[in-house]
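Asker: Take a look at the following structure, please.
The values are calculated or read from the model by the stated rules, or taken from the named source; none is laboratory data. As the structure is a prediction and not an experimental result, all values here were calculated from the model. Cβ placement follows ideal geometry from the backbone for every residue including glycine, while neighbour counts extend to all protein chains displayed. Note: areas computed on protein heavy atoms with side chains; ligands, DNA, RNA excluded. Shrake-Rupley method; radii C 1.70, N 1.55, O 1.52, S 1.80 Å.
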Amino acid sequence: MDRKKIDTYAKAWVKEAGERLRKSFSEELTIETKSNRNDLVTNLDKEIELFFRHKIAETFSDHKVVGEEAMEANYSNVSGVVWIIDPIDGTMNFVHQQRNFAISIGIYEDGVGQIGLIYDVIHDELYHAIKGEGAFMNEQRLPMLEEVEVSDMILSINATWIGENNRIDPRILTPLVRDVRGTRSYGSAAIELAYVAAGRTDAYMTMRLAPWDFAGGVVLLKEVGGEVTTMDNQPLDFVNGSSLFASKPGLHKRINETYLGK
């Protein structure tokens, strides 16, 4: 796997796709719903994913592609070289706000993350990493993450998980939300993960993500010493998706012991 070559192409394609999304703001979108009325997909989601699929097929014909909008029926493992793509992570933000959305790509070889890219299109911030070579935001190297106390942390979490829901008893997370310095929610898992990697927030928790939501961010986080597991402190599921808890070092242990009972 020629990681430098793949990374160079991937960055160029991400920037080209981002330019297409910026130009789309004056166009009329075709908006559909998927699993529920809040699970949106637009013609641009499909167009951008198809763009990546064509580029990858032309340049790296032996690579697999797993994308949100055209999930392969036979996808059951991450063997070989696999591009895990979310063409627009934060489609609701894209539709309603025209900001706070990102293109997310994780490139894995036999289940190991080798390259991660998250492109915040509106801020023109490309978070990128190659395994073992550190993580960057544009050309700026991201420093290794440092430990922080729970009382001083900013937690990214959607308010859904603090109210009544069918994923977690809200009484588990309410004390944590009460004890942290503050909470944030950006509406894009990719941006949430990039912000933890960049030290803008200290942890991110969610009860339900697909592999394309976190594949790119996981590579970034590991390059800066971050910790990422499911909410049950288990490895992430890159086939079926899972809950996710990403944090600066040390917070997993403290929060698991004090709040999650793990």
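Asker: Name the single residue, out of those in segment 35-57 being of a type in the set (D, E, K, R), open to solvent by 30 Å² or more (accessible area, probe 1.4 Å) and in contact with an Asp or Glu (Cβ under 9 Å, 6 or more places away or on another chain), that is nearest to HIS123 (Cα to Cα).
Answerer: If we filter segment 35-57 for residues that are of a type in the set (D, E, K, R), which is where we start, we get 37, 39, 45-47, 49, 53, 55.
Narrowing further to those that are open to solvent by 30 Å² or more (accessible area, probe 1.4 Å): 37, 39, 46-47, 53, 55.
This time we only want the ones that are in contact with an Asp or Glu (Cβ under 9 Å, 6 or more places away or on another chain), so: 46, 55.
Working: LYS46: 22, LYS55: 25 Å.
Here the residue is LYS46.
Asker: Answer with yes or no whether ASP89 is farther than 19 Å from VAL224 by Cβ, of a type outside the set (Phe, Trp, Tyr) and crowded, with 24+ Cβ neighbours inside 10 Å.
Answerer: On the way: farther than 19 Å from VAL224 by Cβ: yes; of a type outside the set (Phe, Trp, Tyr): yes; crowded, with 24+ Cβ neighbours inside 10 Å: yes.
It is true that ASP89 is farther than 19 Å from VAL224 by Cβ, of a type outside the set (Phe, Trp, Tyr) and crowded, with 24+ Cβ neighbours inside 10 Å.
Asker: For LEU251, all conditions in the list (1) farther than 18 Å from GLY116 by Cβ; (2) at pLDDT below 95; (3) surrounded by 17 or more Cβ atoms within 10 Å (Cβ to Cβ); (4) within 22 Å of the chain's Cα centre (by Cα) hold save one; what is the number of the exception?
Answerer: Status for LEU251: all satisfied but (2).
Asker: Among the listed residues GLY18, GLY67, identify the single one that is surrounded by 13 or more Cβ atoms within 10 Å (Cβ to Cβ), of a type in the set (Gly, Ala, Ser), modelled with pLDDT of 85 or more and closer than 24 Å to ASP2 by Cα.
Answerer: Numbers: GLY18 fails: closer than 24 Å to ASP2 by Cα.
The unique qualifying residue is GLY67.
Asker: Continuing with this model, one more query. Being surrounded by fewer than 15 Cβ atoms within 10 Å (Cβ to Cβ), more than 13 Å from ALA102 (Cβ to Cβ) and polar (S, T, N, Q): is that true of ASN166 here? Walk me through how you get there before you give the answer.
Answerer: Numbers: surrounded by fewer than 15 Cβ atoms within 10 Å (Cβ to Cβ): yes; more than 13 Å from ALA102 (Cβ to Cβ): yes; polar (S, T, N, Q): yes.
Spelling it out, ASN166 is indeed surrounded by fewer than 15 Cβ atoms within 10 Å (Cβ to Cβ), more than 13 Å from ALA102 (Cβ to Cβ) and polar (S, T, N, Q).
Asker: Return a yes/no flag: does segment 103-113 have any residue that is crowded, with 24+ Cβ neighbours inside 10 Å, closer than 23 Å to GLU28 by Cβ and in contact with a strand residue (DSSP E or B) (Cβ under 9 Å, 6 or more places away or on another chain). Don't jump to the end; show me each part of the working.
Answerer: Initially, segment 103-113 is screened for residues crowded, with 24+ Cβ neighbours inside 10 Å, giving 103-108, 113.
Remaining after also requiring closer than 23 Å to GLU28 by Cβ: 103.
If we keep only those that are in contact with a strand residue (DSSP E or B) (Cβ under 9 Å, 6 or more places away or on another chain) too, we end up with 103.
Among the residues of segment 103-113, at least one is crowded, with 24+ Cβ neighbours inside 10 Å, closer than 23 Å to GLU28 by Cβ and in contact with a strand residue (DSSP E or B) (Cβ under 9 Å, 6 or more places away or on another chain), which makes the answer yes.
Asker: Which one of GLU223, GLU257 is out of contact with any strand residue (DSSP E or B) (no Cβ under 9 Å at 6 or more places or on another chain) and either closer than 18 Å to TYR195 by Cα or not hydroxyl-bearing (Ser, Thr, Tyr) (or both)?
Answerer: Details: GLU223 fails: out of contact with any strand residue (DSSP E or B) (no Cβ under 9 Å at 6 or more places or on another chain).
Result of the check over GLU223, GLU257: GLU257.
Asker: Ok, one more. Within segment 215-228, identify whether any single residue is at pLDDT below 95 and either in a loop (DSSP other than H, G, I, E, B) or of a type outside the set (A, V, I, L, M, F, W, C) (or both), and answer yes or no. Explain how you work it out, then say what you get.
Answerer: Of all residues in segment 215-228, those at pLDDT below 95 come to none.
Checking segment 215-228: not a single residue is at pLDDT below 95 and either in a loop (DSSP other than H, G, I, E, B) or of a type outside the set (A, V, I, L, M, F, W, C) (or both).
Asker: Six or more apart or on different chains, Cβ under 7 Å: which pairs go from a residue in segment 1-30 that's basic (Lys, Arg) to one that's part of a helix (DSSP H, G or I)? Could you list them?
Answerer: ARG20/ILE48
Asker: I've got another one for you. Considering each of GLU28, GLU19, GLU47 in turn, give the residue that is among the acidic types (Asp, Glu) and over 28 Å from ILE130 (Cα atoms).
Answerer: Numbers: GLU19 fails: over 28 Å from ILE130 (Cα atoms); GLU47 fails: over 28 Å from ILE130 (Cα atoms).
Among GLU28, GLU19, GLU47, only GLU28 is among the acidic types (Asp, Glu) and over 28 Å from ILE130 (Cα atoms).
Asker: When you go through (1) open to solvent by 20 Å² or more (accessible area, probe 1.4 Å); (2) among the polar types (S, T, N, Q); (3) in contact (Cβ under 8 Å) with a residue 24 or more places away in the chain one by one for THR201, which number turns out not to apply?
Answerer: Unmet condition: (1).
Asker: Is at least one residue of segment 177-188 closer than 19 Å to HIS252 by Cβ and of a type in the set (Gly, Ala, Ser)?
Answerer: Checked segment 177-188: no residue is closer than 19 Å to HIS252 by Cβ and of a type in the set (Gly, Ala, Ser).
Yes/no matrix, rows are residues, columns are (1) in contact with a Lys or Arg (Cβ under 7 Å, 6 or more places away or on another chain); (2) farther than 26 Å from GLN98 by Cα; (3) among the hydrophobic types (A, V, I, L, M, F, W, C):
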| residue | (1), (2), (3) |
| --- | --- |
| GLU32 | no, no, no |
| SER35 | no, no, no |
| THR42 | no, no, no |
| GLU49 | no, no, no |
| LYS55 | no, no, no |
| VAL65 | yes, yes, yes |
| GLU69 | yes, no, no |
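Asker: Taking the criterion of being under 28 Å from GLU223 (Cα atoms) and part of a loop (DSSP other than H, G, I, E, B), would at least one residue in segment 29-44 satisfy it? Please lay out each step first, then the result.
Answerer: Within segment 29-44, the subset under 28 Å from GLU223 (Cα atoms) is none.
Taking every residue of segment 29-44 in turn, none turns out to be under 28 Å from GLU223 (Cα atoms) and part of a loop (DSSP other than H, G, I, E, B).
For every residue, the table says whether it meets (1) open to solvent by 60 Å² or more (accessible area, probe 1.4 Å); (2) closer than 21 Å to GLY261 by Cβ.
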{"residue": "ASP120", "(1), (2)": "no, no"}
{"residue": "GLU125", "(1), (2)": "no, no"}
{"residue": "HIS128", "(1), (2)": "no, no"}
{"residue": "ALA135", "(1), (2)": "no, no"}
{"residue": "GLN140", "(1), (2)": "yes, no"}
{"residue": "ILE162", "(1), (2)": "no, yes"}
{"residue": "ARG178", "(1), (2)": "yes, yes"}
{"residue": "ILE191", "(1), (2)": "no, no"}
{"residue": "ALA194", "(1), (2)": "no, no"}
